[in-house]
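Encoded as structure tokens, the structure appears first; notes follow it.
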Amino acid sequence: MRVQVLKGTTDVRTAADALPVLLKAADEFLAAMIDEAALNMTQEGRRELVYADVANVVARSSCLTFLADVVPQTVTAEEYLATAEQQQQ
């Protein structure tokens, strides 16, 4: 399935020998993110990884800023309204 995602991209051509390297790199990248998120989870005394753990990793890491739009931190309606009100002033 993962190979199909890469091969299914019409505007990018990938040599067959590059696919295993790309898949390994993606696997390592995700493992590092999950390890960081799991560290936050255990520090908070939980045994379940939640969205906020991953979003916090993205927000804290300067090398992951490209994911800020994809994995934004959650905001309550109250926080959003307060921020919107401040921006209007």
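All other residues with a Cβ under 11 Å from the Cβ of MET41 taken together, and with Lys, Arg as +1 and Asp, Glu as -1, what is their net charge? Can you show the working numbers first?
Numbers: positive: ARG46, ARG47; negative: ASP35, GLU36, GLU44, GLU48, ASP53.
After counting each charged neighbour, the total is -3.
Which of rounded, prolate or oblate describes the range 2-88 when judged by the alpha-carbon gyration tensor and an a/c cut-off of 1.5? Intermediate results must be reported in sequence, preceding the final value.
Values: a/c = 3.20, a/b = 1.64, b/c = 1.95.
Cα axes put the range 2-88 in the oblate bin.
Sorted on the mean count of surrounding Cβ atoms within 10 Å across their residues, most packed first, peptides 62-74, 33-45 read 33-45, 62-74.
Read the figures in this text as sums done on the coordinates, not as results from a lab. No experiment lies behind these values; they were computed from the predicted model shown. Every residue, glycine among them, receives a Cβ derived from its backbone with ideal geometry; neighbour counts consider all protein chains shown.
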